[in-house]
Amino acid sequence: MVPKTTTSLLAAVIFSLPSLALAKDAASATPPVSDWKFSVGAGVLVAPTYEGSEHYHLAPMPVAEVSWRDAISLGIRDGLKVVLRPLTDKGFTVTTGIGYWGGRRQGADKDHGDDLRGLGDISGGAIARLGVGYDFKAANVGLDFARDLSGDRDGATVTLKGGYKLYRSAKFRVSANLSTTWADDQYMTSMFGITPTQSSASVKQYPVYSASAGIKDVKFGFKADYSLTHSVNLFGLLEMARLTGDAADSPIVKTVGDPNQYSAGLGLMYHF
């Protein structure tokens, strides 16, 4: 005769087998986390017609990015970017990459086309970027260096920036950011200077103006993101900038433009 305790143990094991099998099947059915992430979307952006303009235009804001392990990404906004974490402290990052600047056309403002007429077009080109940053809790700081590799501008900038996560919930996130940018002589001359040839050719008859290296702007802005579903986000941004130094004193800013620059955008993004 089999003891009652042995019978009870055998029954418990037999009845638990289906549950264990179901649990194993459920675990195996869970898809593995992919190393790849994809984002696509679109929005609209309201921004000055050129850096320093007092006039604004509405422009499309396409969004497309693919990333691998949050370390390598390729997108419309940032181009090719590589993020390195060389220290045991994962809050410290080194970023490098190649982006693109679209240039500036002398007829950029269709409704007020004479503002840049005669100054000539500035062709765009590739931009090399290198930066360091540190994230700690809700705040972050960083320093970015950018250098034109091609195009007419042929300049370099250094940007000191910081940000803070003002609010974060399961669906809604808001952050604020502050930055200031130094630009070298070539950048300032290309974007804000007026050569004798440009002075004589300009419709507005701008005086000859020499713009030297220095702090060109200070920016402050907000970004917000709301999860409509697990994969679809609504995003918005608002930025206020103040041109400073020789940038603010340029004739294309002081005479016909505005040192106060504003931009705002709204769009949808799908992640998969």
- prompt: Taking the stated definitions as given, is Asp246 part of a helix (DSSP H, G or I) and either free of Cβ contacts under 8 Å to residues at least 40 places away in the same chain or not hydroxyl-bearing (Ser, Thr, Tyr) (or both)?
  reply: yes
- prompt: Can we say Asp135 is under 30 Å from Ser200 (Cα atoms), of a type in the set (D, E, K, R) and not in a loop (DSSP other than H, G, I, E, B)?
  reply: no
Inter-residue pairs, beta-carbon under 9 Å, first of a type in the set (Ser, Thr, Tyr) and in region 84-96, second not in a strand (DSSP E or B), 6+ apart: Thr93/Arg85; Thr93/Pro86
query: Going through region 57-69 one residue at a time, which ones are surrounded by fewer than 17 Cβ atoms within 10 Å (Cβ to Cβ) and either in contact with a Lys or Arg (Cβ under 8 Å, 6 or more places away or on another chain) or part of a strand (DSSP E or B) (or both)?
result: His57, Leu58, Ala59, Pro60, Ala64, Val66, Trp68
query: Is it true that Ser39 is modelled with pLDDT under 95 and over 20 Å from Ile127 (Cα atoms)?
result: no
query: Which pairs do you get when a residue that is closer than 26 Å to Ala176 by Cα, found in region 143-165, comes within reach of a residue that is in a loop (DSSP other than H, G, I, E, B) and charged (D, E, K, R), reach meaning Cβ atoms under 8 angstrom, with the pair 6+ apart or on two chains?
result: Ala156/Asp184; Thr157/Asp184
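This table checks each residue for (1) under 30 Å from His55 (Cβ atoms); (2) surrounded by 15 or more Cβ atoms within 10 Å (Cβ to Cβ); (3) within 14 Å of the chain's Cα centre (by Cα).
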position	(1), (2), (3)
Ile76	yes, no, yes
Lys81	no, yes, yes
Thr93	no, yes, no
Gly97	no, yes, yes
Tyr100	yes, yes, yes
Arg105	yes, yes, no
Gly113	yes, no, no
Ser123	yes, no, no
field: Members of region 142-162 that are under 15 Å from the mean Cα position of the chain (by Cα) and closer than 19 Å to Gly97 by Cβ
entry: Gly142, Leu143, Asp144, Phe145, Ala146, Thr159, Leu160, Lys161
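The values are calculated or read from the model by the stated rules, or taken from the named source; none is laboratory data. Owing to the predicted nature of the structure, the values given are computational and were not obtained by experimental measurement. So basically every Cβ, Gly included, is an ideal-geometry build from the backbone, and we count neighbours across all protein chains shown.
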